[in-house]
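Have a look at the structure below, then the notes.
The values are calculated or read from the model by the stated rules, or taken from the named source; none is laboratory data. All of these numbers come straight from a predicted model, not from anything done at the bench. Reconstructed Cβ throughout: ideal geometry from the backbone, glycine too, with neighbour counts over all protein chains shown.
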Amino acid sequence: MSIKAEMNKQWGVISLLDMMKEAMLDTNFIRAFESAGVRKNMDTATLNMRLLLCLYALATNAGLKRISAASSNVTYRQLRHIRRRYIDVPSLRDANRILINAILAIRDPSIWGKMGTAIAADSKQFKAWDRNPMAEKHLRYNDSGVMAYWHVETRSACVYSELKRVSAREPASLINGILNHCSDMSINTAYVDSHGQTEVAFAFSRLLSFDLAPRIKRVGHSKLYTPTEVFKDRLPNIGPMISRPVNWQRIARYYDDMVKYTTAMKTGTTSPETVLRRFSRNNYQHPTYKALSELGRVVKTIFVCRYLRSEPFRREIQEGLNVVENWNSATNFVYFGHGGEITSNRKEDQEIAIQALHLLQNCMVYANTHMYQNVLADPILRKTMTKEDYRGITPLIYNHVNPYGNFEVNLGDRMFTTNTA
């Protein structure tokens, strides 16, 4: 019997709200939500129940009205009170931190392997109203909306999420997530697509001590830079890819300035978006930009040589990016309300929606991790597992999940009566 068949036999179809409830009871991430007030007129169980319903309404985009209408023990007014007094972006980030570290702690290394040091980063567009001040038209999707940028580790737990404009630089969001991710893991490698890498991003990855590993389109058109002028004569077979020698004097002259900007990002003095906006092609004459570009060419040349030489390395990058694509697919499943469109024009509400979605999908990862480990506790089934089977399983599955609730039909209960001849 397969793993999925055994899981269906034991649990059947599971409510998405129940998965969130189980994760809350195990990890107590609900403690991250506190009111500014001193007095509380409701017991803890009631407060936790209403907080879960609010978070579920925000994460699925169903809305407080629809969730309250489908619940017999809570009203819309009560949920709106909880939403206003308890739920904000810092609380959601803190709840995600508690949950992510719990996921990393419960994992069985014999199933999932040792804790990794790599993440995959990618963005996803959410439709938004045209009057939304954050909304911009995306050239690739030919639609107006906002972007959510995810940082997902190799076993499908999202360690950081960020709401950004369509025109915002992806390398800036990548660096921001690596510096401020809410987990105990140490990130040494970041897999991105072509839009997540630039020469300046390669330079800062070196200065921040992590490896930028992009899947580059048309990698054969990349230019390689040599350490010296005479080095080019030793590489006749790749002559068309060879450009000029590296200007090491420029890097040495402005190295202190590069370290200064890197330190400012790492300490939070300024944001990566501000720094990378300054060092763009529009400011090409800036001497520090030229030095960063030169250092980035060195790091990118080393990466491209490794990328072209090693097929396992290319597979590693592809597998990492497949994980974040699976996360985006699950997002379409979970964020089903209003056709997946963000309906609020307030930036804070949009950020809360993205963070709540982040939390709910991590709850799915937490529950599915437990389910896999309970099934694989059977030694007979464990013996049938191969190395490829372990590589193929992921805790972010949802074919067995019901996000919509229960639908009961009573043919004897009529809304109105009709006269029949």
Out of (1) touching a residue at least 40 places away in the same chain (Cβ under 8 Å); (2) in a loop (DSSP other than H, G, I, E, B); (3) within 30 Å of GLU319 (Cα to Cα), what's the single condition that is false for ALA377?
-> (1)
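Please state which one of MET415, MET371 is surrounded by 12 or more Cβ atoms within 10 Å (Cβ to Cβ) and either part of a loop (DSSP other than H, G, I, E, B) or touching a residue at least 12 places away in the same chain (Cβ under 8 Å) (or both). Before you say what the answer is, go through the steps one by one.
On the way: MET415 fails: surrounded by 12 or more Cβ atoms within 10 Å (Cβ to Cβ).
Step by step, each of MET415, MET371 is checked, and only MET371 is surrounded by 12 or more Cβ atoms within 10 Å (Cβ to Cβ) and either part of a loop (DSSP other than H, G, I, E, B) or touching a residue at least 12 places away in the same chain (Cβ under 8 Å) (or both).
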Filtering region 310-351 down to residues that are of a type in the set (Lys, Arg) and in the same structural domain as GLY145 (by TED's automatic domain parsing), which residue is surrounded by the fewest Cβ atoms within 10 Å (Cβ to Cβ)?
-> ARG346
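Residues checked against (1) buried (at least 17 other Cβ atoms within 10 Å of the Cβ); (2) assigned to a loop (DSSP other than H, G, I, E, B); (3) in the same structural domain as LEU376 (by TED's automatic domain parsing):
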site	(1), (2), (3)
ILE30	yes, no, yes
GLY37	no, yes, yes
ASN41	no, yes, yes
LEU55	yes, no, yes
ILE67	yes, no, yes
LEU79	yes, no, yes
ARG85	no, no, yes
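Results for (1) within 24 Å of ILE98 (Cβ to Cβ); (2) in contact with a helix residue (DSSP H, G or I) (Cβ under 6 Å, 6 or more places away or on another chain), shown as yes or no for each residue.
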{"residue": "MET7", "(1), (2)": "no, yes"}
{"residue": "LEU17", "(1), (2)": "yes, yes"}
{"residue": "SER35", "(1), (2)": "yes, yes"}
{"residue": "ARG50", "(1), (2)": "yes, yes"}
{"residue": "TYR56", "(1), (2)": "yes, yes"}
{"residue": "ALA70", "(1), (2)": "no, no"}
{"residue": "VAL74", "(1), (2)": "no, yes"}
Working only within region 267-289, note down all residues that are surrounded by 16 or more Cβ atoms within 10 Å (Cβ to Cβ) and either part of a helix (DSSP H, G or I) or not assigned by TED's automatic domain parsing to the domain that holds LEU224 (or both).
-> PRO272, GLU273, VAL275, LEU276, THR288, TYR289
Confirm whether VAL259 is in contact with a helix residue (DSSP H, G or I) (Cβ under 9 Å, 6 or more places away or on another chain), aliphatic (A, V, I, L, M) and modelled with pLDDT under 90.
-> no
Could you list, in sequence order, all residues of region 339-360 that are in contact with a strand residue (DSSP E or B) (Cβ under 6 Å, 6 or more places away or on another chain) and at pLDDT below 90?
-> GLU341, ILE342
Is there a residue in region 237-254 that is crowded, with 18+ Cβ neighbours inside 10 Å and either touching an Asp or Glu at 6+ places or on another chain (Cβ under 7 Å) or without any contact (Cβ under 8 Å) to a residue 12 or more places away in the chain (or both)?
-> yes
List every residue pair whose Cβ atoms lie under 9 Å apart, where the two residues are 6 or more positions apart in sequence or sit on different chains, the first residue falls within region 301-317 and is over 16 Å from GLN197 (Cα atoms), and the second residue, located anywhere, is surrounded by fewer than 14 Cβ atoms within 10 Å (Cβ to Cβ) and of a type in the set (S, T, N, Q).
-> GLU316/SER310
Residue list for region 1-18, restricted to those being buried (at least 18 other Cβ atoms within 10 Å of the Cβ) and in contact with a strand residue (DSSP E or B) (Cβ under 7 Å, 6 or more places away or on another chain) | ILE14, LEU16
Checked against (1) more than 22 Å from TRP150 (Cβ to Cβ); (2) in contact (Cβ under 8 Å) with a residue 40 or more places away in the chain; (3) in contact with a strand residue (DSSP E or B) (Cβ under 7 Å, 6 or more places away or on another chain), VAL323 satisfies every condition except (1)
Counting only strands (runs of 3 or more DSSP E) entirely within region 104-159, those with at least 2 residues that are of a type in the set (Phe, Trp, Tyr) are 143-153
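Within region 152-163, identify whether any single residue is in contact with an Asp or Glu (Cβ under 7 Å, 6 or more places away or on another chain) and surrounded by 21 or more Cβ atoms within 10 Å (Cβ to Cβ), and answer yes or no. Talk me through it step by step, then tell me what you get.
So in region 152-163, the residues in contact with an Asp or Glu (Cβ under 7 Å, 6 or more places away or on another chain) come out as 159, 163.
Then keep just the ones that are surrounded by 21 or more Cβ atoms within 10 Å (Cβ to Cβ); that gives 159, 163.
Taking every residue of region 152-163 in turn, at least one turns out to be in contact with an Asp or Glu (Cβ under 7 Å, 6 or more places away or on another chain) and surrounded by 21 or more Cβ atoms within 10 Å (Cβ to Cβ).
Return yes when THR60 is within 24 Å of GLN361 (Cβ to Cβ) and touching a Pro at 6+ places or on another chain (Cβ under 7 Å) and no when it is not. Break it down stepwise before answering.
Details: within 24 Å of GLN361 (Cβ to Cβ): yes; touching a Pro at 6+ places or on another chain (Cβ under 7 Å): yes.
Yes; evaluated as a whole, the condition is true for this residue.
SER167 - would you say it is of a type in the set (Ser, Thr, Tyr), crowded, with 22+ Cβ neighbours inside 10 Å and either more than 15 Å from ALA330 (Cβ to Cβ) or in the same structural domain as VAL365 (by TED's automatic domain parsing) (or both)? Spell out how you get there, then give the answer.
Details: of a type in the set (Ser, Thr, Tyr): yes; crowded, with 22+ Cβ neighbours inside 10 Å: no; either more than 15 Å from ALA330 (Cβ to Cβ) or in the same structural domain as VAL365 (by TED's automatic domain parsing) (or both): yes.
No, not satisfied.
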